[in-house]
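What follows is calculated from the coordinates using simple rules that are stated; it is not laboratory data. Since the model is a prediction, treat every value here as computed from it, not as a measurement. Positions of Cβ are backbone-derived with ideal geometry, glycine not excepted, and every protein chain shown enters the neighbour counts.
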Amino acid sequence: MNQNTKHAAIIVGHPMGAVKEQSADLYATKMAEQGFVALSVDLAFWGGSAGEPRNAVSPDLYAETFSAAVDYLGTRPFVDRERIGVIGICGSGGFAVSAAKIDPRLKAIATISMYDMGAANRNGLRHGRSLEQRKAAIREAAEQRDAEAAGGETKYTSGTVHELTEKSTPIEREFYEFYRTPRGEFTPRGASPLATTHPTLSSNVKFMNFYPFNDIETISPRPMLFVTGETAHSREFSEDAYRRAAEPKELLVVPGAGHVDLYDRTDRIPFDRLTVFFTQNLK
């Protein structure tokens with residue numbers, strides 16, 4: 001790289017509950033090979049980023065992670081401040097959208113296998129969660145706050161299972177194959193592998209107040225690219241965001257790909273389309 005030249009840059013955010021070494025580093029490496037400065041980041045409370053308690057959910061601070069990355073890149077003499085884009089994978093897709101709504105320095109936004117963590121927690125996939133179930137989760141989180149305030153042990157929720165049984169769902173099996181096998185297994189510094197992908201029970205309820213797609217149309221005229229797999233269980237979120245967003249926008253459905261396929265399957269990830277998108281929009 002010629003460090004005496006100003007380059008376009010791309011920030012890459014990892015899936016919810018993961019760390020940058022899981023998927024984000026791959027995307028950053030591939031985009032760097034195409035001539036972009038690329039920065040993969042750990043969300044606040046995860047991986048190498050600061051924040052206590054570990055694995056805490058804070059959608060505002062997750063979005064802030066992307067703006068802080070813009071701050072940092074803007075101090076690099078080889079980065080053009082006016083040519084910074086973002087790739088958000090899974091949950092980071094929603095966090096990147098949330099950041100872009102209030103940070104116009106993000107000039108082009110791409111999401112991969114995006115999850116709207118707010119809708120997923122409020123309604124479940126395909127609206128499979130009832131209001132009663134939602135309220136039960138809220139009560140459980142409140143009770144856990146009381147327990148921890150009294151000195152009780154931190155508890156964790158959701159995330160990837162640690163063993164498969166005959167009753168394991170296809171989605172559980174899909175995530176297990178990535179996070180609990182050598183394919184994507186990674187232990188963050190100072191953390192237990194048992195904690196990866198598991199947010200704290202008392203904080204996960206904060207996603208109930210997270211609405212990343214509200215006002216998404218205000219990001220226009222900055223371009224947005226939503227990439228999802230044809231068979232991805234998360235496809236509904238990319239389609240919802242695309243429907244609400246204003247032009248210029250594009251929905252790219254990858255034939256035969258599932259949700260986790262787009263984390264690391266280089267034969268399925270459309271790096272060529274990402275390269276064209278950012279080359280055209282970070283001129």
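For this structure, a couple of remarks:
- Per-residue packing, averaged as other Cβ atoms within 10 Å, sorts the ranges 156-169, 47-60 into the order 47-60, 156-169, beginning with the highest.
- Couplings for the stretch 200-209, taken from phi via the Karplus curve 6.51 cos²θ - 1.76 cosθ + 1.60 with θ = phi - 60°, read 5, 4, 6, 9, 4, 5, 4, 5, 4, 9 Hz in order; Gly and Pro are left as x.
- Of Lys6/Lys249; Lys101/Lys135; Lys155/Lys249; Lys20/Lys206, those spanning more than 32 Å from alpha-carbon to alpha-carbon: Lys155/Lys249
- Fully extended contour minus Cα-Cα distance, from Arg189 to Thr29, at 0.36 nm per residue: 55.5 nm
- Under 5 Å from the amide H of His233 lie the amide H atoms of His259, each residue being 5 or more positions distant or on a separate chain, with H modelled from the backbone and absent for Pro and chain starts.
- Under a model in which nothing but the beta-carbon of Lys, Arg (+1) and Asp, Glu (-1) is charged, the chain shows a dipole of about 480 debye around its Cα centre.
- Contour minus Cα-Cα distance for Met1 and Ile138 (0.36 nm per residue): 44.3 nm
- Here the sum of -39500 (n - 2.57) over DSSP H runs of 4 or more residues, divided by the residues of the chain, equals -11000 deg cm²/dmol at 222 nm, to the nearest 500.
- Extension gain (nm, one decimal) between Ser67 and Lys283, 0.36 nm per residue minus Cα-Cα: 75.7 nm
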